[in-house]
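Here is the structure we will look at, set down as structure tokens.
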Amino acid sequence: MTLDTFLSLTTNGLSVSSILLLVGLGLSVTFGIMGVINFAIGGFIMIGGYMVYVVQGIIFAHYAGNDSFAIFLLALPFAFFAAGFIGFILEKSLIRFLYAKPYESMLATWGVSLIFQQLARNVFGSNNVVVNTPVMLSGGLHVIGGFQIPYNRLFILSLSIVAIVGVYCYLYRTNSGRKIRAVMQNRNMSACLGIPTGRIDSFTFAFGSGLAGIAGCALSLLGPIGPSMGEHYIVDAFMVVVLGGVGSLAGTIGGSLVIGMLSPYLEFITTSSMGRALVFIFVIILLQWKPEGLFVLRNRALD
């Protein structure tokens, strides 16, 4: 393995880890609070990707010649709030009846994901669409020899770091974030203390859906957008949550790094399908040693 190959695989691994981290952040909190296996997370990724396409199309149609990077930054909050709003409606109309029902929630959210895909086909067509990559994110940063780190992957890594800091500050530095952690650690006690657990559930599901929308925006920089673009990340995102530890911010970071960094190296050494199989085997072996995940969320409900 040459140095350029090593650096390329490392860069690809970090970008994959960043995507998984954005999806896993919301999924970990949602799963930790509600016990809902949300297979519709792929649909929210797709919504985020299409929001970039829609925002670019509207602005370019009316204000040609605008800075595409500024337009992409403008699309980020639109994607977050669009995916979050749809997630809020979904929680109010369906998810709230499936708490602590893993099998029912898995089937229901899988069905919702298929509905999302079909709606996308009806609105945007079955063919993939392409988002204009901002000129500022074209090219790459020269590192060593002939190797360059693409600017779009550096941006995705920076976006995930901003998301980590934002989620940490929200959960640990705000009153509503402390309520979310309280419900996650002990729902019954939180309800006795007057915390509106139903409202917390709705907001948390919307928040997690919005983060998945941000992940969709990041994916739009790596390739075309299609109705099934988010389905490829569902299993890996759940592996991140289970491996890292449900509800743990540090665990989500660790799990995304382990899975994201392992995949490109194993796929390079073997094949794409064999590499994914080896990642699964590694996760299974690791969970035999630490069945609660790498970072266990301690709470009084477990004592």
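The values are calculated or read from the model by the stated rules, or taken from the named source; none is laboratory data. Fair warning: this is a prediction, and the values are worked out from it, not measured in the lab. Every residue, glycine among them, receives a Cβ derived from its backbone with ideal geometry; neighbour counts consider all protein chains shown.
Pick out the one residue from Leu74, Leu9, Leu20, Leu14 that is among the aliphatic types (A, V, I, L, M), crowded, with 24+ Cβ neighbours inside 10 Å and modelled with pLDDT of 80 or more.
On inspection, the qualifying residue turns out to be Leu20.
Among the residues of region 52-63, are any in contact with a strand residue (DSSP E or B) (Cβ under 9 Å, 6 or more places away or on another chain) and either touching a residue at least 40 places away in the same chain (Cβ under 8 Å) or in a loop (DSSP other than H, G, I, E, B) (or both)?
Scanning region 52-63 turns up at least one residue that is in contact with a strand residue (DSSP E or B) (Cβ under 9 Å, 6 or more places away or on another chain) and either touching a residue at least 40 places away in the same chain (Cβ under 8 Å) or in a loop (DSSP other than H, G, I, E, B) (or both).
How many of the residues in region 149-163 are within 19 Å of Gly251 (Cβ to Cβ) and surrounded by 17 or more Cβ atoms within 10 Å (Cβ to Cβ)?
Looking only at that region, the number is 2.
Look through region 222-233, keep the residues that are modelled with pLDDT under 90 and crowded, with 21+ Cβ neighbours inside 10 Å, and return whichever of them is farthest from Asn38 (Cα to Cα).
Going through the qualifying residues, I end up with Met229.
Just checking, which of Tyr233, Tyr170 is under 19 Å from Met261 (Cβ atoms) and in a helix (DSSP H, G or I)?
Tyr233
Among the residues of region 89-107, write down those that are part of a helix (DSSP H, G or I) and surrounded by 20 or more Cβ atoms within 10 Å (Cβ to Cβ).
Residues satisfying the conditions are Leu90, Glu91, Ile95, Ser105.
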